[in-house]
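The values are calculated or read from the model by the stated rules, or taken from the named source; none is laboratory data. Here the structure is a predicted model, which is why all the values come from computation and not from measurement. Cβ coordinates were reconstructed from backbone atoms using ideal geometry, including for glycine residues, and neighbour counts include every protein chain displayed. When the accessible area is computed, the model is the full protein with side chains, heavy atoms only, and any ligands, DNA or RNA have been set aside. Shrake-Rupley method; radii C 1.70, N 1.55, O 1.52, S 1.80 Å.
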Amino acid sequence: MPTAAASAREILVRLHDVMAGRTPAQAKLNQVVQIIGEGLDSEVCSIYLLREGVLELYATRGLAQEAVHVTRLAPGEGLVGTIAQDVEILNLDEATSHPAFVYNAETGEERFHSFAGVPIIRRERAVGVLAVQHVDPRPYQDVEIEALQTVAMVLSELIANAGLIDTAPGAARAQSTASVRLTGLKLVEGMGAGCAVFHQPRITIEHTVAEDTDAERHRVYAAFDKMREQIDRITREAEFGTAGEHDEVIQTYKMFAYDEGWSRRINEAIDSGLTAEAAIERVQQRTRQRMRQIDDPLLADRMHDLEDLSNRLLRIVSGQMGTAAQLGLRQDTILIARNLGPAELLEYDKRRLKGVVLEEGSLTAHVTIVARAMGVPVLGRVRDVRTTIAEGDLLLLDVGEANVFVRPSPAMEEAFDAKLALRQKRRAAFAALRDVPPVTSDGERITVMVNAGLRDDVAALDITGADGIGLFRTEFQFLISSSLPQRERQQRLYREVLEAAGDRPVVFRTVDIGGEKALPYLVTHDGDEENPAMGWRALRLALERDGLMKAQARALIDAAAGRTLNVMFPMVSEPWEFDEAKALFEAQRAWIAARGKRLPAEIRYGAMLEVPALAEQLDILLPKLQFLSVGTNDLTQFLFAADRANPKLAERYDWLSPSILRFLAKLVAPTRAAGVDLGVCGEMGGRPLEAMALIGLGIDRLSITPAAVGPLKAMIRSLDAGALRARMAELLRAPPRDMRGALTAWASEKGVELA
């Protein structure tokens, strides 16, 4: 079997002559399907092009010629329509087995079994489909699919130059001047106002077929050298004010820049006959297609880093270097981009950069971590950015409300300015509560701690006056690393966190990876999991991969020498799992003691209650614990069988449901009788109304996001806990239809501060 490069090169050599000819576009396409069919020894080769919103059969070898310009499919219709709509590859040994299969009688395709198709992409949009078919049922090999993808790139140039495809939606439409509100995903909280600036102009590749592959290879080598110099310079000059986990993000990003596998794939694309620009775009398209197939957002974030570097390399090799960062920001700016890498964000002037709006983005993306360290608000997953926003438009960004106003009216500007002023005033008021203890009006002390996962997060203790860290997510260090963090590196992080916390407690949750938190360097299960949140993850995985947990246990015990170490095990389902995890830690403590090393003054063990089944065995578990922490995020979705990420189930995912509150209420008496501290470390505890309800149940330990500490302190100090508990008991005995409304009404009547 020839290599993908050899297969594609043979076809491209023949296509080059076709493209250079003076024959009409239709005649060229007729020749193209013959060349591809012969090159891949495929009995059918067909080209469908997007015209007037539908995919029209434009040329074919093997299907009935009478179907050309007659067979038309809507995006999403049939196999061809599915490829165009999803911008994905299909490779089927039996086409009729696919749920999207549609039989078109006029094509005479009934005798062909196998089918493979790739999208023809122009400016990140599918403008057609290239498909091959064969009589015998057989999947097409990877080298054949790669050859098809390479040829599809060349076709996109041919059909665009011939004017055979639709223009991009909205491209010819005049930009609106009306005010518009766009919504998105909250990535980094904050507000900002400024003029819209697009991060980079779109680069259009004009020539795809190489005249001299050696010359193209030298161009790529030179571009790689220049790109790596840029990355090294940017990372040297980056200023954050404090050290933090974002430093590791930058180092991981640099690792991608020097990745030999990436440069090898680009060189293979050049060997197939593509220009340097087309080769980079070819590999980038493959990366995007892989990203669409990745359910795990953390692995997808690493693919985003590689795409960011591809964009940088493409700009260098094409000579189109003018990003907004290089041109310089001249005024307060809201930056617009499809996505950003951490190095690209660092190139911008922090004094002028007031916010970022992304078409993509995620909470765990590297750029999000860096933006948080820079203090730049970021709104992600915003649709219709390029068709709604024009360069220079005034934007009002309010990540707290998950929206951005485009070309706001004077009234909108006035309201935004008033809210911004109020926000600053309230932040000042909450900051004034830093040294004030969270004590209810009837004298009950509530413990308010913060959740953390990065070194920088520990600074929130001093800023907010929190009582400690109730949940330190140790997996963050694993998730942003390109390889398994060594024990010494883990130990250094844990020691720095403990030293920064001083005499305030820190609860370290052992690593919670697996499931939807997959690591590219650690295979955690065989095949895909249908329900990753309920799969092989957290303590289940750690007990199986005990080497991973032993290294972490030793790092934590070494780091806490002379101090109290609080260790919490996630996703405990049954008491024996806790017993095994504790035994593993105790064995590591004995190992360290045997070598004469200094030990922690005390190790306190706790468990997270996220799996509802554990509540039925508390009588067995509680005597073994010092503390129990409820993870309300997972617990609630398990109780309701409702994926918390599914917007259709959002209304059912309500922490103030009587089911949730009654479940939590049953935990209070047994934990108190056993002398075990009971707390909540999920998002529920960080919302004033929900936190009020928890206090009403008798839960007096909350671990929340740092931003929620001030509002919670204000709520607690305005609250009569005794009166609330009496009211909660009434509500739980006879739950109202609207528990949220009933609690809100009570808080309003009693003057509880919930804003």
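Quick check: is even one residue across segment 69-84 of a type in the set (D, E, K, R) and touching a strand residue (DSSP E or B) at 6+ places or on another chain (Cβ under 6 Å)?
Quick first cut of segment 69-84, residues of a type in the set (D, E, K, R) only: 72, 77.
Now restrict to residues that are touching a strand residue (DSSP E or B) at 6+ places or on another chain (Cβ under 6 Å): 72.
So far as segment 69-84 goes, yes, one or more of its residues are of a type in the set (D, E, K, R) and touching a strand residue (DSSP E or B) at 6+ places or on another chain (Cβ under 6 Å).
Condition check: open to solvent by less than 60 Å² (accessible area, probe 1.4 Å), touching a residue at least 40 places away in the same chain (Cβ under 8 Å) and under 37 Å from the mean Cα position of the chain (by Cα). Does Leu55 satisfy that? Write out each step before concluding.
Working: open to solvent by less than 60 Å² (accessible area, probe 1.4 Å): yes; touching a residue at least 40 places away in the same chain (Cβ under 8 Å): yes; under 37 Å from the mean Cα position of the chain (by Cα): yes.
Against the criterion (open to solvent by less than 60 Å² (accessible area, probe 1.4 Å), touching a residue at least 40 places away in the same chain (Cβ under 8 Å) and under 37 Å from the mean Cα position of the chain (by Cα)), Leu55 qualifies.
Within segment 603-616, being at pLDDT below 95 and open to solvent by 10 Å² or more (accessible area, probe 1.4 Å) holds for Val611, Pro612, Ala613, Ala615, Glu616.
Within segment 13-52, the residues that satisfy the criterion of being on the phi < 0 side of the Ramachandran plot, acidic (Asp, Glu) and under 43 Å from the mean Cα position of the chain (by Cα) are Glu38, Glu43.
Tallying residues that are touching a residue at least 12 places away in the same chain (Cβ under 8 Å) and either in contact with a Cys (Cβ under 6 Å, 6 or more places away or on another chain) or over 17 Å from Ile83 (Cβ atoms) (or both) within segment 95-133 yields 6.
Select, from Arg595, Arg563, the only residue that is under 22 Å from Arg487 (Cβ atoms), touching a residue at least 60 places away in the same chain (Cβ under 8 Å), over 33 Å from the mean Cα position of the chain (by Cα) and open to solvent by 50 Å² or more (accessible area, probe 1.4 Å).
Values: Arg595 fails: touching a residue at least 60 places away in the same chain (Cβ under 8 Å).
Selected residue: Arg563, the only one of Arg595, Arg563 that is under 22 Å from Arg487 (Cβ atoms), touching a residue at least 60 places away in the same chain (Cβ under 8 Å), over 33 Å from the mean Cα position of the chain (by Cα) and open to solvent by 50 Å² or more (accessible area, probe 1.4 Å).
Name the single residue that is modelled with the highest pLDDT among those in segment 109-128 being farther than 17 Å from Ile35 by Cβ and of a type in the set (A, V, I, L, M). Selected residue: Val127.
Out of everything in segment 699-719 that is over 30 Å from Gln424 (Cβ atoms) and either open to solvent by 10 Å² or more (accessible area, probe 1.4 Å) or basic (Lys, Arg) (or both), what residue ends up being farthest from the chain's Cα centre (by Cα)?
Filtering first and then ranking leaves Asp700.
Mind checking which residues of segment 58-75 are among the hydroxyl-bearing types (Ser, Thr, Tyr) and either in contact (Cβ under 8 Å) with a residue 60 or more places away in the chain or part of a loop (DSSP other than H, G, I, E, B) (or both)? Those that are among the hydroxyl-bearing types (Ser, Thr, Tyr) and either in contact (Cβ under 8 Å) with a residue 60 or more places away in the chain or part of a loop (DSSP other than H, G, I, E, B) (or both): Tyr58, Thr71. Number of residues in segment 571-604 that are assigned to a helix (DSSP H, G or I), within 15 Å of Ala559 (Cβ to Cβ) and among the basic types (Lys, Arg): the value is 1.
Here's a check for you: in segment 655-676, which residue that is in contact with a Gly (Cβ under 9 Å, 6 or more places away or on another chain) and touching a residue at least 60 places away in the same chain (Cβ under 8 Å) is least open to solvent (accessible area, probe 1.4 Å)? Once the filter is applied, the top-ranked residue is Leu661. Applying the criterion of being surrounded by fewer than 22 Cβ atoms within 10 Å (Cβ to Cβ) and at pLDDT 95 or above to the residues of segment 626-647, the residue that is farthest from the chain's Cα centre (by Cα) is Gln626. Take the conditions (1) farther than 30 Å from Glu544 by Cα; (2) modelled with pLDDT under 85; (3) of a type outside the set (Asp, Glu); Gln486 misses just one of them, which is (1).
Listed by position, the helices (runs of 4 or more DSSP H) inside segment 708-755 whose residues that are among the aliphatic types (A, V, I, L, M) and under 21 Å from Pro438 (Cα atoms) number at least 3 are 709-717, 721-733. Cβ-Cβ contacts under 6 Å between residues 6 or more apart (or on different chains), taken from a first residue in segment 412-436 that is in contact (Cβ under 8 Å) with a residue 12 or more places away in the chain to a second residue that is surrounded by 14 or more Cβ atoms within 10 Å (Cβ to Cβ), are listed as Met412/Phe405; Phe416/Leu396; Leu420/Met191; Phe430/Gly710; Leu433/Gly710; Leu433/Lys713; Arg434/Gly465; Asp435/Gly465. Tell me whether segment 131-151 contains one or more residues that are out of contact with any Ser or Thr (no Cβ under 8 Å at 6 or more places or on another chain), within 30 Å of Leu358 (Cα to Cα) and modelled with pLDDT of 80 or more. Yes. Counting only residues that are open to solvent by 40 Å² or more (accessible area, probe 1.4 Å), under 19 Å from Glu43 (Cβ atoms) and not in a loop (DSSP other than H, G, I, E, B), segment 105-155 holds 4 of them. For Arg72, the criteria (1) closer than 14 Å to Leu130 by Cα; (2) open to solvent by 70 Å² or more (accessible area, probe 1.4 Å); (3) modelled with pLDDT of 90 or more hold in every case but one, which is (1).
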